[in-house]
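Notes follow the structure.
The values are calculated or read from the model by the stated rules, or taken from the named source; none is laboratory data. All figures in this text were calculated on a predicted structure; none of them were measured in a lab. Neighbour counts are summed over all protein chains in view; Cβ atoms, including those assigned to glycine, are modelled from backbone coordinates with ideal geometry.
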Amino acid sequence: MNTSNPASASRSAIRALRNYAVRRRLIGLRMLPSLAVAAVPCLVAAVAATVGAEPFELYGEYIVPMAIYFVVPFVAMFSVLPLLGELYDNGAIGYLYTRPAPRWAPLLGIYLGSCLAMIPVLILAALVPGLILMPVDPALDLGAWLGRIGGLAAVLSLGGIAYGAVCTFFGVWSRRAIIWSVVVLIGWGVVFGGLPGAMRTTSPHRYLLGLAKDWCGVENTFTGMFVPDPDPPSVLTSLLVLVIASVVFFLLAARAAKRRDVL
């Protein structure tokens, strides 16, 4: 690692840990848990294709919310938490934190690499159900299908980036990161995001569904499963909330990294 100046050391640390995270979470058997989660909407689509449901509407009304409420949080947890836990448990994080680069640099590399590793899985969760349902759609409109699939892939990717930052914070801040992540991503996200009331506005799921309404052409994203949002957020508001949440949680993770004992 080039230690001639802090900027060079930081760039080297970010690049090295980014590549390490991609190798650990995207290549080999370690990606199986994420793939298993992404396979759930695919199985639902396969079953639906055999029972005569209207494919295009089913994709928008059920596959879209299922992917947002179920796939995104669990893929984020499986992509980030095992990696951070491994580095802390075997003491390797202590070595990284004693290098010339500031602690936020390797942490940023881990976060970026985890996001790069989860995005292909999230894209598959949007693409494969569409490929299963399109051939059985009697009124196939390829442009509409591609727009809906591409929109969902973009929503899931943004959700993965935001939830990856949340998991990075908990992975650094607490030794019980999995418990905190489940409570926050599932409890705060899924539960409060699907209930009426003021708490819904604090849930990031609301803003992912706001994007899905526009990008996936889904008017009633909660069909049959959740209470409809009477005043869904705009695309701009949703993007701002997700970007700000990602930045804030990463900054919290960087702050926690300075305080957590790694010896």
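Taking the criterion of being touching a Cys at 6+ places or on another chain (Cβ under 9 Å) and aliphatic (A, V, I, L, M), the residues of segment 134-153 that qualify are ILE149, LEU152.
Set side by side, the residues VAL44, VAL71, VAL64, VAL80 differ, and just one is hydrophobic (A, V, I, L, M, F, W, C) and in contact with a Leu (Cβ under 6 Å, 6 or more places away or on another chain), which is VAL64. Residue pairs whose Cβ atoms lie under 7 Å apart, separated by 6 or more positions or on different chains, with the first residue in segment 97-114 and among the small types (Gly, Ala, Ser) and crowded, with 23+ Cβ neighbours inside 10 Å and the second part of a helix (DSSP H, G or I) and at pLDDT 90 or above, are SER114/SER79; SER114/VAL80; SER114/GLY164.
Number of residues in segment 126-145 that are surrounded by fewer than 16 Cβ atoms within 10 Å (Cβ to Cβ), small (Gly, Ala, Ser) and in contact (Cβ under 8 Å) with a residue 12 or more places away in the chain equals 2.
Note on segment 1-34: among residues that are of a type in the set (A, V, I, L, M, F, W, C), surrounded by fewer than 18 Cβ atoms within 10 Å (Cβ to Cβ) and more than 19 Å from the chain's Cα centre (by Cα), the one that is modelled with the lowest pLDDT is MET1. Mind listing just one residue for me: the one in segment 40-60 that is of a type outside the set (Asp, Glu) and without any contact (Cβ under 8 Å) to a residue 24 or more places away in the chain and, of those, nearest to ALA125 (Cα to Cα)? Among those that are of a type outside the set (Asp, Glu) and without any contact (Cβ under 8 Å) to a residue 24 or more places away in the chain, it is LEU43. Residue-level check: of (1) closer than 23 Å to ILE149 by Cα; (2) in contact (Cβ under 8 Å) with a residue 24 or more places away in the chain, ALA16 misses just (1). Put simply, of VAL51, VAL37, VAL47 the only residue that is over 30 Å from PRO102 (Cα atoms) and surrounded by 15 or more Cβ atoms within 10 Å (Cβ to Cβ) is VAL37.
Yes/no matrix, rows are residues, columns are (1) surrounded by fewer than 16 Cβ atoms within 10 Å (Cβ to Cβ); (2) in a loop (DSSP other than H, G, I, E, B); (3) modelled with pLDDT of 85 or more:
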{"residue": "SER157", "(1), (2), (3)": "no, no, yes"}
{"residue": "PHE170", "(1), (2), (3)": "no, no, yes"}
{"residue": "TRP180", "(1), (2), (3)": "no, no, yes"}
{"residue": "MET199", "(1), (2), (3)": "yes, no, no"}
{"residue": "LEU208", "(1), (2), (3)": "no, no, yes"}
{"residue": "VAL218", "(1), (2), (3)": "no, yes, no"}
{"residue": "LEU242", "(1), (2), (3)": "no, no, yes"}
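Elements of the type helices (runs of 4 or more DSSP H) sitting completely within segment 1-93 and holding at least 1 residues that are polar (S, T, N, Q) and in contact with a Ser or Thr (Cβ under 8 Å, 6 or more places away or on another chain): these cover 32-49, 72-89.
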